[in-house]
């Protein structure tokens, strides 16, 4: 059986399952709570896989794995482990329970809605919605990155066709089934990702004579590092740059609306414990596996396409080049794997965007009350809009690579969202002392850092004269994104100490949810 035939069969089966799930879960979408949160009754396996598949898209498998693997070698695996233990394990333990309890108590369905009700401020909610709208759209468009080179291994079809098919099929199951369809499909897609990444790593290592031989060959490469063995060393050629990558890709998830939203829907306390373990193991295998695989990219340096302008490889071509010599069945699995990763994240992002815009912008702006049915219809229409816009941007970017604005917007989106939201969301869950003013300042801080980075990159501004610290901060969107997040965690409590706080009565009503008495077994909770 040829590679084309095998891939075609697997894709048809995959698409059929996705669409069936969408139609099957229609009964959960009769109201806003069901469409956006699955009725807050989603179990640990579905929630954990929804969290993981929203986290890891084709951007990580194709783009980041290739780029960071090339830059840091096997040490890039630390990024995957950071994603597992900081971005998953710690996130679930620090945010999971409190997010679920407080959002249900104040009836918040989105992150902007949380800010509005937590601080009793409609302007805060609207401002957060605008930030989500501005920075989530380009981030959504980036999910199509890497699909072109992978599909080019097998199919001789235009790139826009690949984008269109993925967009339409994702739209179908999200529009019909809402969050529940997304969660079930994320579970299926997650299983594919788990088995797929293991199969690919095994095949690549076998292709290079096994793990020992592949590592030995990698250790002989000097490359850009200037010293032999840099790409097989414990911390790689640039530990500080690697640390920034770990922090951005791991801590950043704490402030992303589509990630935190998964905690809103989980069913029970017991499910949070299970979900924490499942999500962490999933991240170790998928994220750790992706970056570990990318670490061997330099073994294929003689085959990788080089950008003549920069002299560096085209990072999106590294992983496809590594896969090009593998058996047909492995290539077919990879095609479905990457498509699964992209569709799962795309579905999460467009559902987040549509629900946020409907509930936090359109609904408050309307003078008349909008029924639940009309709200769900509006969300469905906006899902179509967001998917269409993201697909058009991706197609335009591919046809006009000279338009660098889009690519740079994608790069700063993660940092902008996490920089604006992480600190006020985290402190808002735990601390009564955080103020509205501090939250506004953090919004401005995170977005400003991202916009400055965007201007510097687009205008090609020379930052060498800015000093060592500023020069390093704005060296890349990775560095500035980390500073936006960490800076917010420092700025928010300082500003809160000197600005007006909410009334004690208001705060007591919000935080009383944590003091509510519940009955449980000794197995779950020890006696005092």
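Could you tell me whether residue 346 is out of contact with any strand residue (DSSP E or B) (no Cβ under 9 Å at 6 or more places or on another chain), closer than 21 Å to residue 165 by Cβ and part of a helix (DSSP H, G or I)?
yes
Consider residue 91 against the criteria (1) in a helix (DSSP H, G or I); (2) surrounded by fewer than 18 Cβ atoms within 10 Å (Cβ to Cβ): it satisfies all of them except one. Which criterion is unmet?
The number of the failed condition is (2).
Collect the residues in segment 406-427 that are at pLDDT below 95, surrounded by fewer than 24 Cβ atoms within 10 Å (Cβ to Cβ) and over 23 Å from residue 164 (Cβ atoms), keeping them in residue-number order.
Scanning segment 406-427 gives 408, 411.
Yes or no, residue by residue, for (1) over 30 Å from residue 382 (Cα atoms); (2) surrounded by fewer than 18 Cβ atoms within 10 Å (Cβ to Cβ); (3) in the same structural domain as residue 326 (by TED's automatic domain parsing); (4) touching a strand residue (DSSP E or B) at 6+ places or on another chain (Cβ under 6 Å):
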position	(1), (2), (3), (4)
187	no, no, yes, no
198	yes, yes, yes, no
203	yes, no, yes, no
210	yes, yes, yes, no
230	yes, no, yes, no
235	yes, yes, yes, no
245	yes, no, yes, no
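Filter segment 259-311 for residues that are assigned to a loop (DSSP other than H, G, I, E, B) and either modelled with pLDDT of 90 or more or under 22 Å from residue 322 (Cβ atoms) (or both) and give the result.
Correct list: 295, 296, 301, 302, 303, 304, 305, 307, 308, 310, 311.
For segment 445-462, name all the residues that are more than 22 Å from the chain's Cα centre (by Cα) and surrounded by 15 or more Cβ atoms within 10 Å (Cβ to Cβ).
452, 456, 457
Which residues, counting only those in segment 39-49, are part of a helix (DSSP H, G or I) and either more than 20 Å from the chain's Cα centre (by Cα) or over 14 Å from residue 100 (Cβ atoms) (or both)?
The answer is 39, 40, 45, 46, 49.
Is it true that residue 244 is at pLDDT 90 or above and touching a helix residue (DSSP H, G or I) at 6+ places or on another chain (Cβ under 8 Å)?
Yes; evaluated as a whole, the condition is true for this residue.
Would you tally the residues in segment 349-372 being in a helix (DSSP H, G or I) and either touching a strand residue (DSSP E or B) at 6+ places or on another chain (Cβ under 6 Å) or free of Cβ contacts under 8 Å to residues at least 60 places away in the same chain (or both)?
Going through segment 349-372 one residue at a time, the tally reaches 5.
The values are calculated or read from the model by the stated rules, or taken from the named source; none is laboratory data. If you're wondering where the values come from, they're calculated on a predicted model, not measured in any experiment. FYI the Cβ positions are ideal-geometry reconstructions off the backbone, even for glycines, and counts take in every protein chain you see.
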